[in-house]
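Just below is one structure, and these are the notes that go with it.
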Amino acid sequence: MADPYASNLVNRSFYHSKPDIRTNIVVVLTGTLENRGLELIKPISRAFPAGTIIELIGTDEQGAAPGGSAQRIAYLAFVELLDGGVILSGDTVSFKGTQIGTIAGFDDTHMPNHQNTIVRMQTRRSGAEIGLAPGDEILIHGIPQPR
């Protein structure tokens, strides 16, 4: 069978429910680029075991999505996933109860070292500008179980 993502057979509606993923900031990043050239992979999800370290990179490009690209970026942080789970394009990302963006997709540039995880933001700001600090928690919100 062909790749269901490449064939556009799978979308977010296939994900019925999933828990939040807690993360611990291990490195705060600063700086922005106008021409980063991130190529977002077609799959809308990535599965990670607890303890994995990923890089969060912000973009204000509202069209950034799986299979697309992102040029205008702000470096946010490297985070350790405290919970294993699946991160899905469209998941909300929050810091101290405030939404900082939604997952736009994933870039494989640095794999297998770490997964670039792109966060679509209203206003592009670096982790230092947001006020992130090592040891702080960023939450990647799941999909609540319907009742």
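The values are calculated or read from the model by the stated rules, or taken from the named source; none is laboratory data. Quantities reported herein were computed from a predicted structural model and do not represent experimental measurements. Using ideal geometry, Cβ is built from the backbone for each residue, glycine included, and neighbour counts are taken over all protein chains shown.
Data overview
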{"quantity": "Tally, over segment 24-71, of residues that are touching a strand residue (DSSP E or B) at 6+ places or on another chain (Cβ under 7 Å), charged (D, E, K, R) and more than 18 Å from Val93 (Cβ to Cβ)", "calculated": "2"}
{"quantity": "Options Gly105, Gly90, Gly142, Gly101; residue that is under 16 Å from Leu40 (Cβ atoms), touching a Pro at 6+ places or on another chain (Cβ under 7 Å), surrounded by 16 or more Cβ atoms within 10 Å (Cβ to Cβ) and of a type outside the set (A, V, I, L, M, F, W, C)", "calculated": "Gly105"}
{"quantity": "Matching residues, segment 111-129, being under 17 Å from Ile54 (Cβ atoms), outside any loop (DSSP other than H, G, I, E, B) and of a type outside the set (Ser, Thr, Tyr)", "calculated": "Asn116, Ile118, Val119, Arg120, Gly127"}
{"quantity": "Criterion violated by Arg120 - all others in (1) charged (D, E, K, R); (2) closer than 19 Å to Leu40 by Cβ; (3) more than 11 Å from the chain's Cα centre (by Cα) satisfied", "calculated": "(3)"}
{"quantity": "Yes/no for Gly127 being over 26 Å from Tyr5 (Cα atoms), out of contact with any Ser or Thr (no Cβ under 6 Å at 6 or more places or on another chain), at pLDDT 95 or above and surrounded by 20 or more Cβ atoms within 10 Å (Cβ to Cβ)", "calculated": "yes"}
